[in-house]
1. Please report, in whole Å, how far the alpha carbons of region 22-155 spread along each principal axis, starting with the longest.
2. Can you tell me how much longer the chain between Arg93 and Thr76 gets when fully stretched, taken as 0.36 nm per residue apart minus their C-alpha distance, in nm with one decimal?
3. Would you mind checking the tilt of helix 195-212 against the longest principal axis of the Cα atoms of the chain, expressed as 0 to 90 degrees and rounded to 10?
4. Roughly speaking, what is the stretch gain from Thr122 to Val108, that is 0.36 nm per residue apart minus the C-alpha to C-alpha distance, in nm to one decimal?
5. Taking the Cα-to-Cβ direction at Val47 and at Asp185 and moving 7 Å from each Cα, how far apart do the two end points lie in nm?
6. Write down the percent of antiparallel bridges among all DSSP beta bridges whose residues are both part of region 22-155, to the nearest 5.
7. Using the eigenvalues of the Cα gyration tensor, what equivalent ellipsoid semi-axes result for region 161-227 when each is taken as the square root of five times the eigenvalue, whole Å, largest first?
8. Would you kindly state how much longer the chain becomes between Ala162 and Leu210 on full extension, computed as 0.36 nm times their sequence separation minus their alpha carbon distance, in nm to one decimal?
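What follows is calculated from the coordinates using simple rules that are stated; it is not laboratory data. Just so it is clear, the model here is predicted, and its values are computed rather than measured. So basically every Cβ, Gly included, is an ideal-geometry build from the backbone, and we count neighbours across all protein chains shown.
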Amino acid sequence: MKQIALDIGLGSGPTLGNFMAGPNEAVLRHLHLWVGDGSSAALRSPVPTYLWGASGSGKTHLLKAVREALREQGATVGWLDASVAEPLPFDERWAAVLLDDVQMYTAVQQHAAFNWFVHAQTGQQWVLAAGETPPADLKLREDLRTRLGWGHVYSLQVLSEAERRAVLRQAADARGIFLADEVMDYMLTRFSRDLGHLMRLLDHLDGYALQTQRAITIPLIKAMLQEI
């Protein structure tokens, strides 16, 4: 059955608080410790961190969550992903450099990432990067590839079916929503199983059910989709 990658655009954006860690608790603790509350920014370790794992394991969520946490503290960051065709010059005012989907970088992006990395290390700024494979397996220029593996390296695991169900159930309970087993089955088979998509779907279902004064059922989901 084809899954729908639904991007509803409602609900809160990625944060460390709404990341469902499951087997990835160690990396979440690491990022929480580094981000802190902003009062001890001068004490932050400049040792780079690299996250790797399959699509849907939460890499981009975590990078965006760190970016948002630093922004809330009044800090700016350098952000580079495969969609940025013309990377900005390095800015020494950045609190950190965030590099997402590094396995997809073009030669221009690899040059920029290497430049950012060198400047960040010189200025004692943090580098947080993510890709789909361990550093040793990245098909990147050697000087960038080796630097990505210099510091902390974490492997992210995709949540199991049972863990995704438990997360959905917990999130629904927190909203006061009852999800019948058949509704849960429908959500997990007809939509992207990425937790970010599922949480946005749940947010939208909650709002739509309140608006229409109906319980969340499969017909309600179908009716909601017809209005999107």
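1. Sorted largest first, the three principal extents are 38, 36, 24 Å.
2. On the way: separation 17, 0.36 × 17 = 6.12 nm, distance 0.72 nm.
Length gained between Arg93 and Thr76: 5.4 nm.
3. Between helix and principal axis, roughly 40 degrees.
4. 2.9 nm
5. Placing both labels 7 Å beyond Cα along the Cβ direction yields 4.8 nm.
6. 0 percent
7. After diagonalising the Cα gyration tensor, the semi-axes are 18, 13, 11 Å.
8. Additional length available on full extension: 14.5 nm.
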